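Peer 1: Just dropping this structure here.
The values are calculated or read from the model by the stated rules, or taken from the named source; none is laboratory data. Treat the numbers as computed from the prediction; the structure is a model and nothing was measured. Using ideal geometry, Cβ is built from the backbone for each residue, glycine included, and neighbour counts are taken over all protein chains shown. SASA here: full protein model, heavy atoms, side chains in, ligands and nucleic acids out. Shrake-Rupley method; radii C 1.70, N 1.55, O 1.52, S 1.80 Å.
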Amino acid sequence: KSHACRTDSNCFWNTNEGSCTEVQYGSCPTLDIVVLFDGSSALSQSFGKHPQAFVGILEIFRDWLREFPLAAGSSATGGAQVLFVQFAGGASAQAKVNTESSGAQGQPSGVLSELNTDLTWHENEFYGSAGPSKVEKALEEALAALSGSQTRTASKKVVLIVAGGEISDASEVASQRSALEKIGASIFGVFVRRFETETDADKTALKSLTNTVSVPKDVHVTSVDISSLYSGALHTFCDANTGFGQDIADVSPTHNPCTVYLER
């Protein structure tokens, strides 16, 4: 198994973890990720070829999870475990997770079937709330999940905010951001645009998202149109040559891409 993986230029063999993954994920460390999905009415519109942006984003995440290295179990070394949270605004901040037994039950999971169940649940439970979103409660959900007993102590902890509209409480979540960073979590943001060209409304929304992420801001936030969400943000998640990868990638010798590893 290891020989076949090492000799395939598209693959990476991780010596420490005894696992094979696609080469673009060869620099992924052990990851616990909480993804926060914007559930505002902005995502009920058509984006690109997707009749409803929220469903389109969930489907792109489904595609990503099929290739992303996952790891099941609280004692697993390597791979990723993921939790999905949906947030919205209104009179106050709103957030929800799927706690049903068929899914991940409100905890980061590395079981693909559970994650797919959770994505379907969020599709069916789309807030669609009018007006800007509020992320305070979702950040609190992320803190609870990443500091809980099932979180792996050696993991790199990541909060990924996926927004398509303005976040109205971005200037009011300093305490939540600080609490997450105290447990070693980094907060990233992906602003998903409706069109290829950035509009004035997009610029305003992106600014609000930028105010919620970790510093340096340029490393932790990116803006993509929906057709580039996969290629421009998810597929390069652990690539040290990208903004996100500068924080996430493990560039120690055992995590070099295959071609570099074989030259050692």
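Peer 1: Quick one: count up the residues across segment 66-93 that are at pLDDT below 95 and farther than 27 Å from Asp239 by Cβ.
Peer 2: 7
Peer 1: Let me ask something else. Does Asp63 qualify as being acidic (Asp, Glu) and open to solvent by less than 10 Å² (accessible area, probe 1.4 Å)?
Peer 2: no
Peer 1: Can you pull out every residue in segment 224-247 that is over 16 Å from Ile60 (Cα atoms) and either charged (D, E, K, R) or open to solvent by 20 Å² or more (accessible area, probe 1.4 Å) (or both)?
Peer 2: The first filter runs over segment 224-247 and keeps only residues over 16 Å from Ile60 (Cα atoms), leaving 238-247.
Selection gives Asp239, Ala240, Asn241, Thr242, Gly243, Gln246, Asp247.
Yes/no per residue for (1) out of contact with any strand residue (DSSP E or B) (no Cβ under 9 Å at 6 or more places or on another chain); (2) under 24 Å from Phe68 (Cα atoms); (3) open to solvent by less than 30 Å² (accessible area, probe 1.4 Å):
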| residue | (1), (2), (3) |
| --- | --- |
| Phe84 | no, yes, yes |
| Thr99 | yes, yes, no |
| Trp121 | no, yes, no |
| Tyr127 | no, no, no |
| Ala138 | no, yes, yes |
| Leu143 | no, yes, no |
| Thr151 | no, yes, yes |
| Val162 | no, yes, yes |
| Gly165 | no, no, yes |
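Peer 1: If you take the residues of segment 101-119 that are touching a residue at least 24 places away in the same chain (Cβ under 8 Å) and assigned to a helix (DSSP H, G or I), which of them is most open to solvent (accessible area, probe 1.4 Å)?
Peer 2: Among them, the one singled out is Leu112.
Peer 1: Mind checking which residues of segment 66-82 are open to solvent by less than 40 Å² (accessible area, probe 1.4 Å), of a type in the set (A, V, I, L, M, F, W, C) and farther than 15 Å from Leu36 by Cβ?
Peer 2: Across segment 66-82, the qualifying residues are Phe68, Ala71, Ala76, Ala80.
Peer 1: Read through the list (1) buried (at least 22 other Cβ atoms within 10 Å of the Cβ); (2) among the hydrophobic types (A, V, I, L, M, F, W, C); (3) assigned to a loop (DSSP other than H, G, I, E, B), then give the number of the only condition that Phe195 fails.
Peer 2: If we test Phe195 against (1) buried (at least 22 other Cβ atoms within 10 Å of the Cβ); (2) among the hydrophobic types (A, V, I, L, M, F, W, C); (3) assigned to a loop (DSSP other than H, G, I, E, B), just (1) comes out false.
Peer 1: So, one more: Confirm whether Ser92 is in contact with a helix residue (DSSP H, G or I) (Cβ under 9 Å, 6 or more places away or on another chain) and either more than 21 Å from Gly26 (Cα to Cα) or in a loop (DSSP other than H, G, I, E, B) (or both).
Peer 2: Working: in contact with a helix residue (DSSP H, G or I) (Cβ under 9 Å, 6 or more places away or on another chain): yes; either more than 21 Å from Gly26 (Cα to Cα) or in a loop (DSSP other than H, G, I, E, B) (or both): yes.
Against the criterion (in contact with a helix residue (DSSP H, G or I) (Cβ under 9 Å, 6 or more places away or on another chain) and either more than 21 Å from Gly26 (Cα to Cα) or in a loop (DSSP other than H, G, I, E, B) (or both)), Ser92 qualifies.
Peer 1: All but one of (1) at pLDDT 95 or above; (2) open to solvent by less than 70 Å² (accessible area, probe 1.4 Å) hold for Asp250; which doesn't?
Peer 2: Every condition holds for Asp250 apart from (1).
Peer 1: Next up: What are the pairs, 6+ residues apart or on separate chains, where a residue within segment 223-241 that is in contact (Cβ under 8 Å) with a residue 40 or more places away in the chain has its Cβ under 6 Å from a residue that is acidic (Asp, Glu)?
Peer 2: Close Cβ pairs satisfying both conditions: Asp225/Glu196.
Peer 1: Taking the criterion of being at pLDDT below 95 and within 15 Å of the chain's Cα centre (by Cα), would at least one residue in segment 172-193 satisfy it?
Peer 2: no
Peer 1: Just checking, which of Leu36, Leu43 is within 22 Å of Leu180 (Cα to Cα) and surrounded by 24 or more Cβ atoms within 10 Å (Cβ to Cβ)? Lay out the reasoning, then the answer.
Peer 2: Values: Leu43 fails: within 22 Å of Leu180 (Cα to Cα).
Sole residue among the options that is within 22 Å of Leu180 (Cα to Cα) and surrounded by 24 or more Cβ atoms within 10 Å (Cβ to Cβ): Leu36.
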